[in-house]
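Participant: My questions all concern the structure below.
Only the coordinates and a few stated rules stand behind these numbers; no lab work does. Owing to the predicted nature of the structure, the values given are computational and were not obtained by experimental measurement. With ideal geometry, Cβ positions are generated from the backbone for all residues, glycine too; neighbour counts draw on all protein chains shown.
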Protein chains: 4
Amino acid sequence: MPGNTFGKIFKITTFGESHGKSLGAIIDGCPAGLPLNKADIQPDLDRRKPGKPEDLEKGLTSPRQEPDKVEILSGVFEGKTIGTPIALIIKNEDARPEDYESLKDIHRPGHADAVYDRKYGHRDYRGGGRASGRETAARVAAGAVAKKLLVHVTNNAIKIQSEILAPTKEEIKLAASAGNSLPGEIQLTIINSPAGLGEPVFDKLSADLAKAMMSIPAARSFTLEPKDLPEITEDSSCGVQGGISSGDPIQISVYFKAPSSTKARGVQGRHDPCIVHRAAPVCEAMAAITLADHYLRNKQAQLDCAPL
Amino acid sequence: MPGNTFGKIFKITTFGESHGKSLGAIIDGCPAGLPLNKADIQPDLDRRKPGKPEDLEKGLTSPRQEPDKVEILSGVFEGKTIGTPIALIIKNEDARPEDYESLKDIHRPGHADAVYDRKYGHRDYRGGGRASGRETAARVAAGAVAKKLLVHVTNNAIKIQSEILAPTKEEIKLAASAGNSLPGEIQLTIINSPAGLGEPVFDKLSADLAKAMMSIPAARSFTLEPKDLPEITEDSSCGVQGGISSGDPIQISVYFKAPSSTKARGVQGRHDPCIVHRAAPVCEAMAAITLADHYLRNKQAQLDCAPL
Amino acid sequence: MPGNTFGKIFKITTFGESHGKSLGAIIDGCPAGLPLNKADIQPDLDRRKPGKPEDLEKGLTSPRQEPDKVEILSGVFEGKTIGTPIALIIKNEDARPEDYESLKDIHRPGHADAVYDRKYGHRDYRGGGRASGRETAARVAAGAVAKKLLVHVTNNAIKIQSEILAPTKEEIKLAASAGNSLPGEIQLTIINSPAGLGEPVFDKLSADLAKAMMSIPAARSFTLEPKDLPEITEDSSCGVQGGISSGDPIQISVYFKAPSSTKARGVQGRHDPCIVHRAAPVCEAMAAITLADHYLRNKQAQLDCAPL
Amino acid sequence: MPGNTFGKIFKITTFGESHGKSLGAIIDGCPAGLPLNKADIQPDLDRRKPGKPEDLEKGLTSPRQEPDKVEILSGVFEGKTIGTPIALIIKNEDARPEDYESLKDIHRPGHADAVYDRKYGHRDYRGGGRASGRETAARVAAGAVAKKLLVHVTNNAIKIQSEILAPTKEEIKLAASAGNSLPGEIQLTIINSPAGLGEPVFDKLSADLAKAMMSIPAARSFTLEPKDLPEITEDSSCGVQGGISSGDPIQISVYFKAPSSTKARGVQGRHDPCIVHRAAPVCEAMAAITLADHYLRNKQAQLDCAPL
């Protein structure tokens, strides 16, 4: 049973293989009336994209060139959403399947190749197909729409910010030059979240944030942290009580394993020595999608005070 | 909360406005290993398409030219499905928004213009947007994939056939020449359906077929008919017992109201005098999607006889 | 894949076999703050219940005595809903499995016995199990909560009324005395429905009402009728345009086949000669659940005019 | 929008407030043919239950007496499941609302009282209502059914085992005697999981396990661990690759905050000094439910080799 949809009301469905014609996302459930255009989406895609000259120079990312230009195919009319599905599409312009042809019959260690073969029988072996980190571009595009919605409904108050806790850029450069890879950790802080988000008992905000983060490739650990405290104590509200946001800051951290494909291990292709720099906007996007979904879900918690 | 997805396991999500850049469908849940290419899909799209020269000559459809060429963006590799979302896209090449510009501030009688305005506040007024019959092109494309799946799993035995019960082509020509429109009725017969399809108690096969048909624009009535009998008697199995298919033929009829936009009423644009000829492949598509979904849903009804 | 849940936000899940210990419904998604107690539910259950003395006397129902007393196990505190699941339970007190013991290895014609056996392998043969009309008691209980919600939010304006179009009570008495059974038709009229209910494109209000009605045992046909008109014309709004309610009256009709178990056919047990009298409150309940669900779904269609 | 259901095919819905009449779970989607009776469920409930004499003596749990006797109301016939909803119910026999009456207008620090009041307006203040750890009894009951299913389909091979990493019983006794509370950590090991479980891209097995664990009250951190290794390295498969189980052991750890209600803080009622002993069977239950659901979901990944 398929698993390419996230969210219950603000629902995103992503599609597209790493080396196929294009990838994208359908957002079904964005309310009508939200101002939206490509310029709201492109900057986050640019942050996620590999091969930025300054990063290449620093040895921080792979040299794969992905222009990652988003196009809005539907759901927006005269600059505002109309309540119909928003289709976002990104063409794959620098797919080089020939880099991967040699991997056709090989299961790369640490990759999903073997489990995909076993589960599906028939697999797109070019660059990981759907298991590739490239799929996250669609999440980032959809996340930008979620951010726009949250910014609108909080009157510009909400902030979703990521910080890379480890490793530092210098460490990554060293690992890259040695053909190695490194794990890393990202901290995400959400300021001025609406209160009341999260649905007892399974769809707690913390539980859905955990799922959102752990669905990102290479994620291995999720922690809901007490704000401004070095350790988790019984006093900490963490901005989430009983699975419901209190309006206080929410702070989480996500740990990512080191990329499995490295030159030191003899794996060809264009790979990142550490994914935290590219994963950061993906974490923000998934947090925004989770919050936007719960913002809409929360609208039915209470009856209006007086009958209509 | 959005309503652009149909099905629980073989799930289709459609997107696209009548006069937007393109429309399409994402199928999430088609199993891996199904042979599939564009040639499996295009013939059904051609049947649904308006403006076929022979039909125009006969006054049966509107002159709008929609090449309706489908493209498969993902989910298929080396000629077979790989278990990932299948994105199907159709470009709108003959959209002429200027035909509709005059309707910007008008609510056409019998159309969804007024209710969309009230529900969403902001609306794509060009040709009905999502409420247009054009949206059904995406259903037909997805339905062709469902048919392919059903044909495969039944070893080519299943047949899903539509017949137009009323009106005859001659009647439609007369109505068209007078600038009028006509209602109509389609009968759908499913031969060699797998047995066991339908889930008690709400997702009966008959209930989901009813929803599928009644979701087609202009549908007004649905009947599960006894096969080969003029009336419904207590003996009739109708191929569905207690909401579950028995393997016997299933026969249903669907009634469509007459199109509301007619020249006689002074409505401009390119409109059909009767929609049954174009609705027939849509009915077949929705039946195929419903059956394919229930075929997959039925796989969990029983434990395998012996533990794995 | 299971099918015992109806609705997306106002979600009901029913459980219980005809001759098991009890049956019931869980409503997940009723907003907090709705006044609710048993007295809101019992009257509808009493209407659906068979064996009322006056009906027995008239030969209209089976003599099975089902007290059908509802109990509210959760979700209500100090007379109002609290936003948590509302569990409703009804004990089966007059289950007489011995009446059915002889049917253990028999598939009654016109019943779901054979398809259940084939689908599930293992079946509760006592009185139809889940396929029994007894399951609808749980729908009626949940429907009473939906009605309470709709009455509250429309400030007492909404009316959901059923009328039996055919057959008349005299006809049923005649059929019963001859050991026969009869089909029947119910007309449902909804006055003062909120406008804007129904979600394009698959979850049209008309499509979900069709599913709701066709999920009732023995339902065979569904029609969305033009109000106050003998036939369906192109002008008719039917209170639903493009699948969305306009606020005008909605009128539908539902056709039910004749019960398959009759004395004339030698089937033992306590059976109804015609089900329309008992099906009428079930139709009302399913309509109320469908409307309540869409009322809540509609809350996200538009952004609030100004950001919060 | 409600959040009391977990799972897509093996779906559980729980209901019941801490001090209401009863609580329970409906399992919709358990295949027919699974041997099942109360004795499969009661032992896990007994492990979760507070107030066991040996634990009381050791100061490990609160003195609240909850017999927690499960009853199966539906879905099982002659000792085997029949594919219909399985209703499990547990009566609340030792609810002492008077202990909590004084808390009616108080928001206990570290509890969900304030966020519930704000979200729902109207709240069951007796012992936390739905936010109470008592709700997890229903999860444990449903989890026992999931375990039975997994044991059956793996031919008795699967093991889902929890171990308490911290704190030791001695530490808890000390904290309890001082009126304090402690956080704790549980490690869960799954041996002989079926391979192929997990659905790209959002419903990765690791993501759904994270959600399952983080939905347990007081959970604060989730880690997918490399088996038998003190730290996460790039080589580790963790039994889950690309979100899909490989068949290798899966090891996870879950961190729980210290209970907020303590005597040292002046909070009355019967409370646990540390919840890990009672949380351990809940972790196992949620893992079993997650795996059972994904076992059934995986059945549609591939077409059968040959058409039926």
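Participant: For peptide A:276-284, compute the average count of partner chain beta-carbon atoms within 10 Å of each residue's beta-carbon. Can you show the working numbers first?
Facilitator: Details: counts 0, 0, 0, 0, 0, 0, 0, 0, 0.
Whole-number average of other-chain Cβ neighbours for A:276-284 is 0.
Participant: Then there is this: Averaged over peptide A:131-140, how many Cβ atoms belonging to another chain are found within 10 Å of each residue's Cβ?
Facilitator: For this peptide, the per-residue mean of nearby foreign Cβ atoms is 2.
Participant: What does the protein assembly as shown give for Rg and for Dmax, in Å, if only its C-alpha atoms count?
Facilitator: When restricted to the Cα atoms of the protein assembly as shown, Rg and Dmax are 29.4, 94 Å.
Participant: Between D:K169 and D:N37, how many nm apart are label points set 7 Å from Cα along the C-beta direction?
Facilitator: Inter-label distance under the simple model: 3.2 nm.
Participant: Under 13 Å from the Cβ of C:A288, count the other residues' Cβ atoms, weight Lys and Arg +1, Asp and Glu -1, and hand me the total.
Facilitator: Values: positive: C:R139, C:K147, C:K148, C:K159; negative: C:D40, C:D44, C:D208, C:E284, C:D293.
Charge balance near C:A288 sits at -1.
Participant: Give me the angle, in degrees from 0 to 90, between the Cα long axis of helix A:276-297 and the longest principal axis of the Cα atoms of chain A, rounded to the nearest 10.
Facilitator: Once rounded, the angle reads 30 degrees.
Participant: How many nm separate the modelled label positions at A:S102 and B:N156, each set 7 Å beyond the Cα in the direction of the Cβ?
Facilitator: With each label placed 7 Å out from Cα toward Cβ, I get 4.4 nm.
Participant: Then there is this: How tilted is helix C:205-214 with respect to the longest principal axis of chain C? Cα atoms for both, answer in degrees (0 to 90, nearest 10).
Facilitator: 10
Participant: Could you please report the charge total around B:V151, scoring K, R as +1 and D, E as -1 over all other residues with beta-carbon less than 11 angstrom from its beta-carbon? Mind dumping the intermediate values first?
Facilitator: Values: positive: B:K147, B:K148, B:K159; negative: B:D40.
Here the charged neighbours net out to +2.
Participant: Moving to a separate point now. Under a 5 Å amide H to amide H cut-off, with H placed in plane at 1.01 Å, what residues pair with A:G3 once short-range neighbours are removed?
Facilitator: HN-HN under 5 Å from A:G3: D:V201.
Participant: Given charges of +1 on the Cβ of Lys and Arg and -1 on the Cβ of Asp and Glu, with all other atoms neutral, how large is the dipole of the protein assembly as shown about its Cα centre, in debye to the nearest 20?
Facilitator: Numbers: 156 positive and 156 negative charges, 1 e Å.
For the protein assembly as shown, the charge dipole is close to 0 debye.
Participant: Placing unit charges on C-beta atoms (Lys and Arg positive, Asp and Glu negative, everything else neutral), compute the dipole magnitude of chain B about its Cα centre in debye, rounded to 20.
Facilitator: Details: 39 positive and 39 negative charges, 151 e Å.
Charge dipole, chain B, about its Cα centre: 720 debye, nearest 20.
Participant: Given Cα positions, please report Rg to Rh for chain D, the hydrodynamic radius being the Kirkwood one. Intermediate results must be reported in sequence, preceding the final value.
Facilitator: Details: Rg = 19.8 Å, Rh = 20.3 Å.
Value, to two decimals: 0.98.
Participant: Taking H as built 1.01 Å from N, whose amide H comes closer than 5 Å to the amide H of A:E225, not counting residues under 5 places away?
Facilitator: The answer is A:Q251, A:I252, A:S253.
Participant: Return the long-range amide H neighbours of B:K204 (sequence gap of 5 or more, or a different chain), with a cut-off of under 5 Å between placed amide H atoms.
Facilitator: Those lying under 5 Å, H to H, from B:K204 are B:E199.
Participant: Moving on. Can you work out the Karplus-derived ³J(HN,Hα) for every residue in the range C:165-170? Use 6.51 cos²θ - 1.76 cosθ + 1.60 with θ = phi - 60°, whole Hz, and x for glycine or proline.
Facilitator: Listing the rounded values in order: 7, 7, x, 7, 4, 4 Hz.
Participant: If you take each beta carbon of peptide D:22-29 and count the beta carbons of other chains within 10 angstrom, what is the mean? Show your work: numbers first, answer last.
Facilitator: On the way: counts 5, 4, 8, 1, 13, 2, 10, 8.
That average works out to 6.
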